[in-house]
Amino acid sequence: MNILIVDDEPRHLRGMAGMIQSMRPAAKVMTAKDGEAALALVREERPDVVLSDIQMPNLDGLSFLQQLKEEELQSKVVMVSAYNLFEYAQKAIRHGAFDYLLKPIDRDKVEAVLQRLEKEISEEARQRGESADIRSKLKHAESAYRSRMLHQWLIGELQRDQGAELEEWPMLQQVNALLLTDIRMVEAAEVHPPQLMEELPRQLKKLGEKFGQVCVFPLQTMQQGGRLVTALALEPLSGLSTAELAAALKDCSSSWQLHGKVIHGMAIRAGKETIPDLYHRAERALHYAFHEEWHGVVSAEELAAKETKEALYMLDGELLFEALQEASLNKAEEMCREAFRTLAAGGYTDPKLMINYAALTLIKIKSRTSGIIDPHVGSVLTEAASTSIPSCSTSNELLEHLLCCLAAVHQALAERKQGSGDAAVEQCLSWIQTHYNEDLTLEMAAERFHFNPSYFSTLIKSRTGRSFSDHLTESRIREAKALLASGKLKIYEIAERCGYRDTKYFTRIFKRQVGLSPEAYKHTARPLTGGDTP
């Protein structure tokens, strides 16, 4: 595996490179001091993995990530930052980052990320090998060869000298609408894939004939399902609307629900749009059938009219962690359901973003519970974030996986609470949240709850993963952020209300925790749409 390390701080660059080399002696480890140098190396060396800092001169980490995406460079990027800000992680995930690590780098976390990367790279290589073998075999099968040729035609890769082979289907040259249908079989289906692949094309052809000329053909063949393409030459005077076509397709899909999931993406040709353009729009529409709100039929035109450009993610990680510590899981479940219902925006948010946020939620919860619950549960969260969540084919399945993982965390936290001292710790945390504006000290807390200060400090840390001062600072900063967002008070007034008698000290603590000065946060809090950092 070839690995590129990018950091503008020489000490961090040497340290990270040395650690990676010691962990993977056989790997080729390269280094770059900024984003521009890293981009040049990626173009030349094509590394498998890039571990890149976010804050860098010339070309920062997020811009570097965007450039890789635009140039279709396939290196997997893990972003590294000293700031524990959800906004950074959100942007990194949105730009296609594989994972997000915090400085100082934890060796165990790096090892876990490397193992996941190796697993994914190995699987992709295996799939490429299988695909090459399949393509070789399909050349000897006439029907499969025809399917491949039609696919090339749709995506604009058909050679001119091959066009004559499509002359028996002249209607294809008049196509002004495309319908892509994906078939996903269920294990207990009474109807087997070959039967469904024979019957469904007949249904689609009969349905399409009400609108004009129609041709239905399989685009690819799979053991557990396949894809059909319905090419339509719509007749404007047919008297039927595309809304009626969508309604008929929904009925068609529901009739097969006991045997498999049938979903459709449809696109109508606009102006001088090419067939490949039409195909890609229909394919994108099919991608959005992930959302249950579409009931299995997505129109590219309707999608384009309302597609969400800025997703609204309102799940606060710390509040979710607190809900997971309650006796009932109901509050945590409802928080997740509401957050992802809002994020979905009625089915107009890119499904990849839904998957990324679900995986990010699990990563955040794993990080927050590290050292508090059984490490096995943390491994379950990592596996789900990297494998189960990305493989979900519907929004309901995604939420089901997410809630199942949170139930495991809830159970582990409940078992943790059985030990002695938990009640006192919970009471102390509640006391901090209501008295954060006072001059609280660990000694005061220990005396109030009848513990030795040293023992009580260790008890709080072992039960929550954070120190007494961490919890006090967190409560104060949370209140400060709310007051700053309201815009009604001056900085020194907010400092006093949050228990800080020295405004300069408050400013220093706030910037260290949030990454922005109170003044800067005050000006940027209102426009933010992603919610507070988890």
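Taken together, the values in this text are just the output of simple stated rules run on the coordinates, not laboratory data. Just so it is clear, the structure is predicted and the values come from calculations on it, not from any experiment. Positions of Cβ are backbone-derived with ideal geometry, glycine not excepted, and every protein chain shown enters the neighbour counts.
Given a cut-off of 22 Å, name the pairs among Lys306/Lys331; Lys33/Lys69; Lys461/Lys522; Lys366/Lys481 whose C-alpha atoms lie farther apart than that in the structure shown. Pairs exceeding 22 Å: Lys306/Lys331; Lys461/Lys522; Lys366/Lys481.
Expressed as a fraction of 2.2 N^0.38 Å, the C-alpha radius of gyration for the stretch 317-416 is 1.02. Residue by residue, the stretch 274-289 carries 3J(HN,Hα) couplings of 7, 4, x, 4, 5, 4, 5, 5, 5, 5, 5, 4, 4, 4, 7, 5 Hz when phi is fed to the Karplus relation 6.51 cos²θ - 1.76 cosθ + 1.60 (θ = phi - 60°); x denotes Gly or Pro. Protection proxy ranking of 466-479, 17-30, by the mean of other Cβ atoms within 10 Å over each peptide's residues and highest first, is 466-479, 17-30. Computed from Cα atoms alone, the Kirkwood hydrodynamic radius reported for the stretch 267-326 is 14.2 Å.
Give the shape of the stretch 252-392 as rounded, prolate or oblate, defined through the alpha-carbon gyration tensor: a ≥ b ≥ c are the square roots of its eigenvalues, a/c under 1.5 means rounded, and otherwise the shape is prolate if a/b is larger than b/c and oblate if not.
prolate
At the listed q of 0.15, 0.19, 0.22 Å⁻¹, the Debye profile of the stretch 422-524, built from one uniform point per Cα, gives log10 I(q)/I(0) equal to -0.62, -0.89, -1.06. Amide H contacts of Ile105: none lie under 5 Å away among residues 5 or more positions distant or on a separate chain (H built 1.01 Å from N in the peptide plane; Pro and chain starts excluded). Distances between every pair of Cα atoms in the stretch 2-130, grouped in 5 Å steps from 0 to the bin holding the largest one, split as 2, 11, 22, 26, 22, 12, 4, 1, 0 percent. Judged by the mean number of other Cβ atoms found within 10 Å, the most tightly packed of the peptides 424-432, 73-81, 103-111 leads the ranking 73-81, 424-432, 103-111. The ratio of the alpha-carbon radius of gyration of the stretch 23-82 to the globular-protein estimate 2.2 N^0.38 Å is 1.06. For Gln55, nonlocal amide neighbours, meaning residues 5 or more places apart or on other chains whose placed amide H falls under 5 Å from its own, are Gly61. Considering only the other residues whose Cβ falls under 12 Å of the Cβ of Thr441, what net charge follows from Lys and Arg at +1 and Asp and Glu at -1? Combined, the nearby Lys, Arg, Asp and Glu give -3. Each Lys or Arg adds one and each Asp or Glu subtracts one; over the other residues with Cβ under 13 Å from the Cβ of Tyr83, this totals +1. Computed from backbone phi, the HN-Hα couplings of the stretch 3-17 come to 10, 10, 9, 10, 6, 7, 9, x, 5, 5, 4, 5, x, 5, 4 Hz, rounded to whole numbers (Karplus: 6.51 cos²θ - 1.76 cosθ + 1.60, θ = phi - 60°; Gly and Pro given as x).
Straight Cα distances below 16 angstrom link Lys119 to the aspartates and glutamates Asp48, Asp99, Glu111, Glu383, with same-chain residues fewer than 8 positions distant left out.
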